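The values are calculated or read from the model by the stated rules, or taken from the named source; none is laboratory data. In this text, all values refer to a predicted model and were calculated from it rather than measured experimentally. Quick reminder, even Gly has a Cβ in these numbers, built from the backbone with ideal geometry, and neighbours come from all protein chains shown. Quick note on the areas: whole protein, heavy atoms, side chains included, nothing else; ligands and nucleic acids left out. Shrake-Rupley method; radii C 1.70, N 1.55, O 1.52, S 1.80 Å.
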Amino acid sequence: MQTTTAPKAGNAPDLLQGILSVQVRNEDKITEQDRVYCQTQQNLLYKTLDQIDRWYAVFKEEAEQYQAERKFHYEENGKVSMRDFYTYHNDREDYSHNEFKPFDLINDLVDKNRNANANFANRIISYFNRTYKVSVPEYKIDEKTLPMGFRPVYDTYVDVVIEHLGGKSFRETAVEELLARLSKVVRPAYWSKVKTELKKDKIIFPEIIRFDDFSMQYNQRNRISYNYGGELETLCAGIAYGADDILNGNSKMIIRFDDNDISVTDWYDLTTTNAEQIRFYKNGRIDVRFKDSAAAESCFKRLHLDEITLREN
């Protein structure tokens, strides 16, 4: 009969230290679907970068015959740099000034290399922002130091995403960021004498949007001013979370809504369950009606609207 021997007491600290030293890779914190997307994007990027590198090698070899004449050098990112880049010495007796020179194309390929890398970085980050409703900032590629032939791996940008979470889950971060955005939208201006109010089965949001003066005067339509479209989107996202605990809310949840021609007399139905209708007013106020007073109060507190105070003069 096979038996197992218990570890000696003196080995316990070593065993514990081994357990504590195990670190979970950031890549293991994302789903298989996430990894498939990232790997697919990486494969597509490499295919394009391989093509860029092939042409770069061709034109770089062609450029070398002009080294003695033009005395150029390559910058860190692979671009050609020379003092008289656009001077072709038209006073020469031969016709060499009409010859194809590869310098512009070399530099264009360097730009394409940078753009492809930047697109890849931001597609990865945008995917997580879009999928999990978080707001990881755009990643900046250093165009002066990115070398030709560089092959990024998606893990780098997954690390950026996970670091942004700061130890929280995707959902925790998304909720935290949504509440922060909503707080800015509903916070009363310093001159305001009104604040968001819970009134039975409704929540009243004063001074959320503004309508475009030109559209109202000449087209007789209520169109949200360009600078205030984001406020409505944030409010809708907040209502969807506060009412139904979902994080994909936006103005598309307003049935038959047309932001170029908004009714200020009718209630619009909503696709959410606990928040049923929304109404707009010319002064920028927005009312949301819930299925009952309890649902309205629950949303009010979940969004921390009960913590709003007027600013002191």
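Within region 154-195, the residues that satisfy the criterion of being open to solvent by less than 30 Å² (accessible area, probe 1.4 Å) and either of a type in the set (G, A, S) or within 20 Å of Y268 (Cα to Cα) (or both) are A174, A189, S192. Filter region 208-238 down to the residues that are in a loop (DSSP other than H, G, I, E, B) and under 27 Å from the mean Cα position of the chain (by Cα), then identify the one that is nearest to L178 (Cα to Cα). Only one residue fits best here, namely I208. Flag not set for G230, criterion: of a type outside the set (S, T, Y) and buried (at least 17 other Cβ atoms within 10 Å of the Cβ). Filtered by the rule that a residue be within 27 Å of D306 (Cβ to Cβ) and aromatic (F, W, Y), region 221-274 gives Y228, Y241, W267, Y268. Residues that are touching a residue at least 40 places away in the same chain (Cβ under 8 Å), part of a helix (DSSP H, G or I) and out of contact with any Ser or Thr (no Cβ under 8 Å at 6 or more places or on another chain) occur at least once in region 239-258. Apart from one condition, I208 fits all of (1) open to solvent by 20 Å² or more (accessible area, probe 1.4 Å); (2) closer than 30 Å to T173 by Cβ; the exception is (1).
Name the residue that is farthest from F290 (Cα to Cα), counting only residues in region 184-205 that are touching a helix residue (DSSP H, G or I) at 6+ places or on another chain (Cβ under 7 Å), in a loop (DSSP other than H, G, I, E, B) and not hydroxyl-bearing (S, T, Y). Selected residue: K200. Listed by first and then second residue, the pairs with beta-carbon distance under 6 Å, at least 6 apart or on different chains, first residue in region 222-234 and assigned by the TED database to the domain that holds V264 and farther than 18 Å from P206 by Cβ, second open to solvent by 40 Å² or more (accessible area, probe 1.4 Å) and at pLDDT below 85, are R223/D212.
Being over 23 Å from C299 (Cβ atoms) and not assigned by the TED database to the domain that holds Y132 is the requirement here; does D245 meet it?
Working: over 23 Å from C299 (Cβ atoms): no; not assigned by the TED database to the domain that holds Y132: yes.
Taking the combined requirement at face value, the residue does not satisfy it.
Applying a threshold of 9 Å to beta carbon distances and a minimum spacing of six or more residues, or different chains, the list of pairs starting in region 128-146 at a residue that is closer than 12 Å to R171 by Cα and ending at one that is assigned to a loop (DSSP other than H, G, I, E, B) and open to solvent by 80 Å² or more (accessible area, probe 1.4 Å) reads K133/N248.
Note down all Cβ pairs under 8 Å where the first residue falls in region 172-191 and is under 12 Å from I308 (Cβ atoms), the second is surrounded by 16 or more Cβ atoms within 10 Å (Cβ to Cβ) and among the acidic types (D, E), and they're at least six residues apart or on different chains. Final answer for the pair search is V185/E231; P188/E207.
Could you tell me how many of the residues in region 194-243 are of a type outside the set (S, T, Y) and under 14 Å from D259 (Cβ atoms)? Spell out the reasoning first.
Within region 194-243, the subset of a type outside the set (S, T, Y) is 194-195, 197-214, 216-217, 219-224, 227, 229-233, 235-240, 242-243.
Still in the running and under 14 Å from D259 (Cβ atoms): 208-212, 216, 219, 221-224, 227, 229-233, 235-236.
Total satisfying the criteria: 19.
Take E93 and tell me if it is exposed (fewer than 14 other Cβ atoms within 10 Å of the Cβ), assigned to a loop (DSSP other than H, G, I, E, B), modelled with pLDDT of 75 or more and charged (D, E, K, R). Outline the logic, then answer.
On the way: exposed (fewer than 14 other Cβ atoms within 10 Å of the Cβ): yes; assigned to a loop (DSSP other than H, G, I, E, B): yes; modelled with pLDDT of 75 or more: no; charged (D, E, K, R): yes.
No; evaluated as a whole, the condition is false for this residue.
When restricted to residues that are open to solvent by less than 50 Å² (accessible area, probe 1.4 Å) and either farther than 23 Å from R181 by Cα or among the hydrophobic types (A, V, I, L, M, F, W, C) (or both), region 240-287 contains 15. Is it the case, given these coordinates, that I286 is at pLDDT 95 or above, among the hydrophobic types (A, V, I, L, M, F, W, C) and within 23 Å of I224 (Cβ to Cβ)? So I286 fits the description; yes. Taking each residue of region 33-53 that is over 16 Å from V158 (Cβ atoms) and looking for partners that are at pLDDT 95 or above and open to solvent by 70 Å² or more (accessible area, probe 1.4 Å) with beta-carbon atoms closer than 6 Å, six or more apart or interchain, yields I52/K112.
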